[in-house]
Amino acid sequence: IFTSAFLEAMAHALPDDQGRVNGREVADYVHLAVGMEQPPEFVVAHSKDVVFAQRRHADTVAVGLRLAPYIGGETVVISDSRNDEVMRTDPVEADVTVHLEPGLYKVAIDGADRSILFKVPSDDEITI
């Protein structure tokens, strides 16, 4: 599981603000991909961080989200593989379209026990 998550991270981890995919970004991606039931042993020293790749930020992709059930008054929170909040929105209907860079994300309903991991791009609509 770790190896496949590590290889995915090499291809899809979001670069930092200088376009570098370093150990911290790879570790965050792997940790999110593997999940809490099997957390990876992945230690990165910030002072000696390794840069695995250099790339520009990618163009965004439209992603369809469906809230099921839709109750109203819900707040949707999207976090990236670094667990940084990238979007918070209060949708007025069950179907929402957001624009995200390719990578691994978590979408959650704030204050509820509803969340799911998803990868961008994906041909599937994300239902939460």
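The values are calculated or read from the model by the stated rules, or taken from the named source; none is laboratory data. Note that the structure is a prediction, hence the values are computed from the model and not measured. Positions of Cβ are generated from backbone atoms using ideal geometry, with glycine treated the same way; all protein chains shown enter the neighbour counts. Ligands, DNA and RNA are excluded from the accessible area calculation, which covers all protein heavy atoms including side chains. Shrake-Rupley method; radii C 1.70, N 1.55, O 1.52, S 1.80 Å.
In the list Val26, Val63, which residue meets the criterion of being closer than 23 Å to Val98 by Cβ, of a type in the set (A, V, I, L, M, F, W, C) and modelled with pLDDT of 80 or more? Of Val26, Val63, the one residue that is closer than 23 Å to Val98 by Cβ, of a type in the set (A, V, I, L, M, F, W, C) and modelled with pLDDT of 80 or more is Val63. If you filter segment 73-100 down to residues that are among the charged types (D, E, K, R), part of a strand (DSSP E or B) and over 17 Å from His12 (Cβ atoms), you find that the one that is least open to solvent (accessible area, probe 1.4 Å) is Asp95. Number of residues in segment 7-22 that are in a helix (DSSP H, G or I) and either surrounded by 19 or more Cβ atoms within 10 Å (Cβ to Cβ) or in contact with a Gly (Cβ under 9 Å, 6 or more places away or on another chain) (or both) equals 2. Apart from one condition, Tyr70 fits all of (1) within 19 Å of Asp124 (Cβ to Cβ); (2) in contact with a helix residue (DSSP H, G or I) (Cβ under 6 Å, 6 or more places away or on another chain); (3) open to solvent by 60 Å² or more (accessible area, probe 1.4 Å); (4) of a type outside the set (Gly, Ala, Ser); the exception is (2). Gly103 falls short on exactly one of the conditions (1) under 21 Å from Glu8 (Cβ atoms); (2) at pLDDT 90 or above, and that condition is (2). Quick check, is Thr3 at pLDDT 80 or above and closer than 29 Å to Gly111 by Cα? When the stated conditions are applied, Thr3 does not pass them. Which of (1) closer than 29 Å to Arg24 by Cα; (2) acidic (Asp, Glu); (3) without any contact (Cβ under 8 Å) to a residue 40 or more places away in the chain is the odd one out, the single condition Glu93 does not satisfy? That leaves (1) as the condition not met.
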